[in-house]
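Here the structure comes first, spelled out in structure tokens, and everything after it is commentary.
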Ligand SMILES: Nc1nc2c(c(=O)[nH]1)N[C@H]1C(S)=C(S)[C@@H](COP(=O)(O)O)O[C@H]1N2
Ligand SMILES: [Mo]
């Protein structure tokens, strides 16, 4: 009798433990960066390259601060991780000197035009993929990524581009 009770307790404990472990693993995967998230670079509308998260990260991640201002809320300063947008083009030997602008487009049809002067500044226009060390998430899960174009020196975030999927140099 005593043995049966002990056995039942052990089995129940195992079930609880295994369930907790599986849930933890699922969460861990969700928290992970979307490795296959693609970002396209274009030159006057012509596709030059399709990058994934690994390739973006290989360009040399930088940490920077920027003020997120959501409508109806106070601006909050966050630390982001990403790469300079100009470094992505440099990697593919596309010179930005003498060009006029870069258009960043998002999955929801939103687009932002960036003056080249701004893009060429140090520590300003980034393609970010983490905020406070966490992946940005995507449109489906209520996030702002996997990639978000962020203008670090802007006091507000209305010219940033969430869910960014491509950058086209003009
Ligand atoms: N892709 C995309 N990016 C976008 C927008 C949008 O609708 N789609 N809205 C802009 C506006 S108007 C604001 S104020 C900021 C901040 O939005 P958030 O608070 O949802 O981050 O994102 C900007 N970037
Ligand atoms: Mo806005």
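Residues of region 53-93 falling in the label zone of residue 36, defined by backbone nitrogen less than 14 Å from a point 7 Å along Cα to beta-carbon, are 53-54. Its alpha carbons give region 45-96 an Rg and a Dmax of 14.6, 42 Å. The spread of Cα positions in the chain, taken along each principal axis and listed from longest to shortest, comes to 85, 37, 27 Å. Rounded to the nearest 10 degrees, the angle from helix 2-31 to the longest Cα principal axis of the chain is 0 degrees.
Comparing 11, 151, 97 in a Gaussian network model of the chain (Cα springs below 10 Å), the most mobile by mean-square fluctuation is 11.
Arranged from fewest to most other beta-carbon atoms within 10 Å of their beta carbon, 149, 1, 116 become 1, 116, 149.
The residues 86, 42, 2, 153, when put in order of fewest to most other Cβ atoms within 10 Å, stand as 2, 153, 42, 86. The helix-only estimate of mean residue ellipticity at 222 nm for the chain, built from DSSP H runs of length n ≥ 4 each weighted as -39500 (n - 2.57), is -8500 deg cm²/dmol after division by the residue total. Each of 87, 168 was scored by other Cβ atoms within 10 Å of its Cβ. Listed from fewest to most, they are 87, 168.
None of the figures in this text is laboratory data; all of them are computed from the coordinates on show. All values reported here derive from a predicted model rather than from experimental measurement. As a convention, Cβ positions derive from the backbone with ideal geometry for all residues, glycine included, and neighbour counts pool all protein chains shown.
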